[in-house]
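The values are calculated or read from the model by the stated rules, or taken from the named source; none is laboratory data. These numbers come from a predicted model, not from an experiment. Cβ placement follows ideal geometry from the backbone for every residue including glycine, while neighbour counts extend to all protein chains displayed.
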Amino acid sequence: MTSTTPFQAADAAPPSRWTARDGAAHYGLPGWGAGYFDADDAGRVVVRPDQRPDRSAALDDVLAELARRGVTPPILIRFPQILEHRAGVIRGAFDRAISDAGYRGRYTCVYPVKVNQHRGVLERISALAPALGLGLEAGSKAELIAVLAATADTPGTPIICNGFKDDECLDLIVLAAAMGRPITPIIERRAELDAALRLSDARRVDVALGLRLKLASPGAGRWQASGGLGSKFGLFVAEAADAARDLIHAGLGRRLTVLHSHIGSQIADLGAVRRAARELARVAVELRRLGASITTLDLGGGLGVDYDGGADGPTSIGYTADEYARALVDETRAVFDDAGEPHPDLITESGRALVAHESVLVTDVVGVSAHAPAPTGPDIAGAGASTLAPLRDLARLAERPPGDDPAGALRRALDARDALTGAFTAGRANLADRALGDRLFRVAGLSAVDALTRTGADPPDADRLADLLFDLYFCNFSIFQSLPDLWALGQRFPACPLTRLDERPTRRAVLCDMTCDSDGEMRSFPGPAGVGGGLMLHEPRPGAPYRVGVFLVGAYQEILGDLHNLFGDPGAAHVTIDDAGRAVIEEVIPGDSADDALRLVGHDT
Ligand SMILES: Cc1ncc(COP(=O)(O)O)c(C=O)c1O
């Protein structure tokens, strides 16, 4: 393993000047850490579950505590106090917006359980529900059963039911309503409305009803297709008006209480939120004029998480929870005031923003495949006399420094290497030629990259330079199991070593998982440490663990993951931090064993 790479040359400051603060800034912690994650003076990542500087623990200490219980990475650490704090942040944002605007409706944050259905998450949310005015949303029959169970001790928790609902599911909703649960099915299709009325009549229960609308106002961002007129779910406004009229004619207008729309997750632009809120409010006003009750508007999910930490990246958002709340409240108020109608209650189904920060995936670097040291003394003279033109070109490029056009030298070296590979494949070059060419390329390429990075420029053609630029850090986890959105959607997640932030990182690494799939790797990271591709990391020390945390993985990742290569769920631990900054392990949930994974695909073990 080499101890320096061409890239390091760009950072010319002596190592002694690198502090933990530099490390924190390098990895973008002050941005995406959102006050929950930072670095201490010893260069260790700390968690501050309620953003208070005095309640702070190093993740390294948390792992030491877990190790005493025999629990080692890969592990998903959940910090329930972060979830509680997030719920408070969203609550506070809406309370302020409502009070500033003189708004007269109430606000409920309804957690869509599909974002993470783990029992612990649901139970924590339902325990917080009475104090923070939270609700739960179920998108399927199984989720509804989980929600009803999780709210057994807090039966006043509002429940919203979205998604496809067959008779069995609707009947369960009717039964829950009969037991006094505040439950509202959101009608997605006309046939559902007819079935809901039939089943509630049969049991003589007045179930409140909601309608999901396809709005014309589009969302903004990667998930914008989940809203809009072409979306899979919901009624067109004309269909909703027909449904409302039919209910009103049947004397049931008072049961139509909720209007819902979801314009997509991780909304990138508040303008889209404003337009959707206004359109939804306008439909509500019109339906009220027809005679429907419409007491509540449910704007769905979309409150974003700043995975890039304020950098202008593909997964950053440019607004705060306060601004989001103000946009919703102000637009709704304006429409209802104009119409002279009383303000409705408001719901958002904010999932990602509630649970993403809570979970950190910790993985051990178990091996490094570093690019070999630049070879000294390849036979330049011999290559220069070769009958093969690309070998002669590589010899010339390796012989002298790249001069004032390092990008051009790099391109010529890449082209010559490609030509030599072609000659080898065609049988015109032998193994010795190819090996010599590879060594010459390394000498020429490394010195060109070195010269380039000293000018501050990124090398061109990074894809063709992978062997020069990146070391492969193998980590014991599966991207398909633990970070499916990275693989499926190219979503970036912040990552950083848990220790040694007070040391300048010297290696540019691609994080490779343990699956045999070449897609199982992380190459793109927010923060300066990810500029140019890969993530700057330290050289692991023999005998000492080197651990990397992947952050903000609490939303969707645990639940969408799959069994590729039969990697099961990693173990999970629920950890709270006490007032003295000590990690308290509340619960350890073992991961899937190989036996478990084999059984899931029908093998006897
Ligand atoms: C109907 C509905 N509500 C809420 C959500 C949660 O969205 P988010 O996680 O962005 O808050 C989704 C997610 O796609 C959804 O489809």
Criterion (surrounded by fewer than 23 Cβ atoms within 10 Å (Cβ to Cβ), under 30 Å from D41 (Cβ atoms) and not small (G, A, S)) met by exactly one of P402, P505, P460
P505
When region 45-65 is checked residue by residue, the ones that are assigned to a helix (DSSP H, G or I) and within 14 Å of R547 (Cα to Cα) are L59, D60, D61, V62, L63, A64
Filter region 548-570 for residues that are away from the ligand (no atom under 16 Å from the Cβ) and part of a loop (DSSP other than H, G, I, E, B); which is nearest to the chain's Cα centre (by Cα)?
F551
Residues to consider are P545, P526; find the one that is under 21 Å from T72 (Cα atoms) and in the same structural domain as A20 (by TED's automatic domain parsing).
P545
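Quick one: which strands (runs of 3 or more DSSP E) lie wholly within region 270-378 and hold at least 3 residues that are within 16 Å of the ligand (Cβ to nearest atom) and modelled with pLDDT of 95 or more? Even if it seems obvious, please write down each step before you answer.
Numbers: elements: 296-298, 345-348, 359-369.
By residue number, 296-298, 345-348.
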Among (1) over 43 Å from the mean Cα position of the chain (by Cα); (2) acidic (D, E); (3) buried (at least 18 other Cβ atoms within 10 Å of the Cβ), there is one condition E358 misses while meeting the rest; what is its number?
(1)
Among (1) in a helix (DSSP H, G or I); (2) in contact with a strand residue (DSSP E or B) (Cβ under 9 Å, 6 or more places away or on another chain); (3) assigned by TED's automatic domain parsing to the domain that holds L483, I77 falls short only on (1)
Which ones in region 546-605 are surrounded by fewer than 16 Cβ atoms within 10 Å (Cβ to Cβ) and at positive phi?
N565, G581, G602
From the list A101, A93, which residue is within 16 Å of the ligand (Cβ to nearest atom) and of a type in the set (G, A, S)?
A93
Return a yes/no flag: does region 127-136 have any residue that is without any contact (Cβ under 8 Å) to a residue 60 or more places away in the chain, in contact with a helix residue (DSSP H, G or I) (Cβ under 7 Å, 6 or more places away or on another chain) and more than 26 Å from F551 (Cβ to Cβ).
yes
If we keep just the residues of region 255-269 that are at pLDDT 95 or above and more than 11 Å from G300 (Cα to Cα), which is farthest from the ligand (Cβ to nearest atom)?
R255
Every residue from region 263-312 that is touching a helix residue (DSSP H, G or I) at 6+ places or on another chain (Cβ under 9 Å) and acidic (D, E)
E279, E286, D298, D306, D308
For region 236-250, check the following and say yes or no: at least one residue is under 33 Å from the mean Cα position of the chain (by Cα) and over 22 Å from R352 (Cα atoms).
yes
Given the residues P540, P545, P505, which is the only one that is more than 27 Å from A488 (Cβ to Cβ), in contact with a Phe, Trp or Tyr (Cβ under 6 Å, 6 or more places away or on another chain) and more than 16 Å from the ligand (Cβ to nearest atom)?
P540
